[in-house]
Each structure stands twice: as structure tokens, then as C-alpha cells.
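A short write-up of the structure that comes next.
The values are calculated or read from the model by the stated rules, or taken from the named source; none is laboratory data. What you are looking at is a predicted structure, and each value in this text was computed from that prediction instead of being measured. Glycine also receives a Cβ, built like all others from the backbone with ideal geometry; neighbour counts cover every protein chain displayed.
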Amino acid sequence: MQQQLINHSPDLSRLLEEGFDISVDGGYLMTRHIPYVDAEKMVKYGTLVCLLTLATPTRTGRPPDHTIFFCGSTPCDANGIALDSIINNSSKQRLTTELTVDHYFSSKPASGNYPDYYEKVATYAKILGSQARVIDPTATWRPLKQNVS
């Protein structure tokens, strides 16, 4: 089911093709190995998690909103200052019996919502990853590919 969903959904296929480490579990899209900076100005890796809406059993629908969850310590800018511009809430929340998240982010695009999961995940990955790359230029949110951009 997971592979069919990825294969039949252009947005998920694009994430995978570009090297993002994605999986679908319990109705959530998880994107692992996202670089970010912690309060000690160290590059760490976390996981973006968002509720997955389906148009059909084997194809994604449009994301229901512009928010996303994050598993990891508090993400900061390259100076170690919390990214309050995107952090909506920082408290542990259990989404499923197997999945607990640490933060809830909100970064609303000008259009009000992301057109697909590729745009949503890539936007948050770039926000976090851009700060990590200031500290470590080799940090990449595309662990499945060697080339980075």
C-alpha cells in the first residue's frame, strides 16, 4: 500500500526521487533526516510529520492545512536562537501509539495553503536546513542522494 501510494502520487514520488527519506505510517507522512540547528549551534537531524489526506486509496489529496509536526529538539537559527517564526507550539504530543512529536510548526504560504505534499515538506525542510547549512555546508535533507542544492 505504501509503495503504491508513493508511486501513484506525483508529490510523494517527487519527494522520493529528489532523495527525501519518506514513509507513510498510521495516516501520517514522515520525512526523516531533516537537518536543523539546536540551541548549542550543533547540526542535528529530525523528522517532519504531517497528516496525509488521500484523494483515493492510492493517491494523495491536497494537504488539509499549512502546519506540520516535528520530532527533535527545539530548532534554532545558526546563532542558536529558537525559530519562533515557525514554532507554533513546543510540547510533546502523541499522534498514534507509536508516534510522538515534539513541536508544531506553522509557516503559511501567501496562497494560504500548500498545493501538495512536495511543496509543504520541501518548504519546511528548506527553512530548517538553510540554518544547518550555515554551520555545515554538507548538511542535506536529501540523504538518499549525494548531490545537494
Name the residues in segment 72-102 that are more than 15 Å from L29 (Cα to Cα) and touching a Cys at 6+ places or on another chain (Cβ under 8 Å), would you? A82, L83, D102
Restricted to segment 96-149, and to residues that are at pLDDT below 95 and of a type in the set (A, V, I, L, M), which residue is surrounded by the most Cβ atoms within 10 Å (Cβ to Cβ)? A139
Using the structure shown, decide if D65 is out of contact with any His (no Cβ under 7 Å at 6 or more places or on another chain), surrounded by fewer than 19 Cβ atoms within 10 Å (Cβ to Cβ) and closer than 21 Å to Y28 by Cα. yes
Where in segment 1-81 are there strands (runs of 3 or more DSSP E), lying fully within it, with 3 or more residues that are touching a helix residue (DSSP H, G or I) at 6+ places or on another chain (Cβ under 6 Å), under 26 Å from S130 (Cβ atoms) and at pLDDT 95 or above? 28-37
Could you check, for segment 15-38, whether at least one of its residues is under 13 Å from H103 (Cα atoms), of a type in the set (V, I, T) and crowded, with 18+ Cβ neighbours inside 10 Å? no
Test for S73: is it polar (S, T, N, Q), within 25 Å of N113 (Cβ to Cβ) and free of Cβ contacts under 8 Å to residues at least 40 places away in the same chain: no
